[in-house]
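Step one of this worksheet: look at the structure below.
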Amino acid sequence: MRIARFVNPQGQMTFGVIDGKGARSGWTVEAIDGHPFGQLARTGNRWALDDVRLLSPILPSKVVCVGRNYAAHAAELGNEVPKQPMLFLKPSTSVVGPGDPIRLPAASKQVEHEAELAIVIGATGARKVSREDADHTIFGITAANDVSARDLQKTDGQWGRAKTFDSFCPLGPWIDTDLGYDDLRVACTVNGQTRQDGTTKNMIFDVPTLISYISHVMTLLPGDVIITGTPEGVGPLVDGDSVTVTVGELELTNPVVTDE
Ligand code: ZN
């Protein structure tokens, strides 16, 4: 199932279920009552997908991020492969949806894209989950761009500024609850040119390991998002760019603008 959050032509925001095969022009989205976790309540109110505005598919209470989870990416930035998952956080205010602009802050001269698989948690209060039980906590997956001010990451030491500017966490375009996460293409193009083209097969710490590790630190709530690291090929974004992250069948595109 594909779950979106959207504004309908009447200006109302809801979650909905996307239906359709083949060309996207024939797809529709049906509103549901309330949130998508637990029993879905379809309302019968349906629009063409192209007639609604998609929002970030979820508003997470937190976005937990994993650094250096692909060896080739660690190497390209001159870093060692970590011995245990390297965690950091993005605030909810960094989250934007498909089509929303990534805003380049004046404080940075080097903002870069990072294409990543995002795991959306569905379980209520996932705490100290074993690796074996980790799959039960997953609601679905989506695509993420872990936008990063690389210069500030280096000069600050801590990543609390470099990763957290408003608009630095595009998510979407929707949540797929059926796609596996083991062997998904994770790619990035900028203005149509390929920059990153990896696979989740090459993660150092796999998804169950990450969920178990993180849930032994902090309780994961429904809608929380884990972004799982980026393959090699990160590079700069400049004003006027259009950046697309591909994760499996999911495509997330955002324009890049200078923050005013
Ligand atoms: Zn990242």
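The values are calculated or read from the model by the stated rules, or taken from the named source; none is laboratory data. What you see is a predicted model, and the numbers here were worked out from it, not measured in a lab. Methodologically, a virtual Cβ is constructed for each residue, glycine included, from the backbone with ideal geometry; neighbour enumeration extends over all protein chains shown. Quick note on the areas: whole protein, heavy atoms, side chains included, nothing else; ligands and nucleic acids left out. Shrake-Rupley method; radii C 1.70, N 1.55, O 1.52, S 1.80 Å.
Which pairs have Cβ atoms under 7 Å, sit 6 or more apart or on different chains, and link a residue in region 218-246 that is without any contact (Cβ under 8 Å) to a residue 24 or more places away in the chain to one that is in a strand (DSSP E or B) and crowded, with 22+ Cβ neighbours inside 10 Å?
Gly240/Val256
Please state which of the following conditions Arg195 fails to meet, knowing it meets all the rest: (1) in contact with an Asp or Glu (Cβ under 9 Å, 6 or more places away or on another chain); (2) under 21 Å from Val96 (Cβ atoms).
Among (1) in contact with an Asp or Glu (Cβ under 9 Å, 6 or more places away or on another chain); (2) under 21 Å from Val96 (Cβ atoms), Arg195 violates only (1).
Give region 1-48 a look and list any residue that's surrounded by 14 or more Cβ atoms within 10 Å (Cβ to Cβ) and acidic (Asp, Glu), or say none.
Once the filter is applied, which keeps residues that are surrounded by 14 or more Cβ atoms within 10 Å (Cβ to Cβ) and acidic (Asp, Glu), region 1-48 yields Asp19, Glu30.
Have a look at Asp182, Asp241, Asp206 and point out the one that is of a type in the set (Asp, Glu), over 26 Å from Thr93 (Cα atoms) and modelled with pLDDT of 95 or more.
Asp206
Could you list, in sequence order, the residues of region 148-169 that are open to solvent by less than 40 Å² (accessible area, probe 1.4 Å), under 24 Å from Thr209 (Cα atoms) and of a type outside the set (Lys, Arg)? Can you show your working first?
Residues of region 148-169 open to solvent by less than 40 Å² (accessible area, probe 1.4 Å): 148-153, 162-164, 167-169.
In the following step, the residues that additionally are under 24 Å from Thr209 (Cα atoms) were identified as 163, 169.
Once the filter is applied, which keeps residues that are open to solvent by less than 40 Å² (accessible area, probe 1.4 Å), under 24 Å from Thr209 (Cα atoms) and of a type outside the set (Lys, Arg), region 148-169 yields only Cys169.
Can you tell me how many residues within region 76-97 are more than 15 Å from the ligand (Cβ to nearest atom) and over 15 Å from Val225 (Cβ atoms)?
4
Could you go through region 207-219 and let me know if any residue there is over 17 Å from Arg68 (Cβ atoms), under 16 Å from the mean Cα position of the chain (by Cα) and either within 16 Å of the ligand (Cβ to nearest atom) or assigned to a strand (DSSP E or B) (or both). Spell out the reasoning first.
Here is the first cut: in region 207-219, the ones over 17 Å from Arg68 (Cβ atoms) are 208, 211-212, 215-219.
Imposing the further condition that a residue be under 16 Å from the mean Cα position of the chain (by Cα) reduces the set to 211.
From what's left, either within 16 Å of the ligand (Cβ to nearest atom) or assigned to a strand (DSSP E or B) (or both): none.
No: region 207-219 contains no residue that is over 17 Å from Arg68 (Cβ atoms), under 16 Å from the mean Cα position of the chain (by Cα) and either within 16 Å of the ligand (Cβ to nearest atom) or assigned to a strand (DSSP E or B) (or both).
Read through the list (1) over 30 Å from Leu104 (Cβ atoms); (2) among the hydroxyl-bearing types (Ser, Thr, Tyr); (3) open to solvent by 40 Å² or more (accessible area, probe 1.4 Å), then give the number of the only condition that Ser242 fails.
Condition not satisfied by Ser242: (1).
Pull up region 184-218, narrow it to residues that are among the charged types (D, E, K, R) and farther than 15 Å from Ile119 by Cβ, then point me to the one that is most open to solvent (accessible area, probe 1.4 Å).
Taking region 184-218 and keeping what is among the charged types (D, E, K, R), we get 185, 195, 197, 201, 206.
Imposing the further condition that a residue be farther than 15 Å from Ile119 by Cβ reduces the set to 185, 195, 197, 201.
Numbers: Arg185: 115, Arg195: 85, Asp197: 90, Lys201: 133 Å².
So, considering only residues that are among the charged types (D, E, K, R) and farther than 15 Å from Ile119 by Cβ, the one most open to solvent (accessible area, probe 1.4 Å) is Lys201.
Name the pairs whose Cβ atoms lie under 8 Å apart, with the first residue in region 101-122 and not assigned by TED's automatic domain parsing to the domain that holds Ser148, the second open to solvent by 10 Å² or more (accessible area, probe 1.4 Å) and modelled with pLDDT of 95 or more, and 6 or more positions between them or separate chains?
none
Among the residues of region 124-157, which ones are more than 18 Å from His73 (Cα to Cα), assigned to a loop (DSSP other than H, G, I, E, B) and at pLDDT 95 or above?
Result: Arg127, Lys128, Val129, Ser130, Arg131, Glu132, Asp133.
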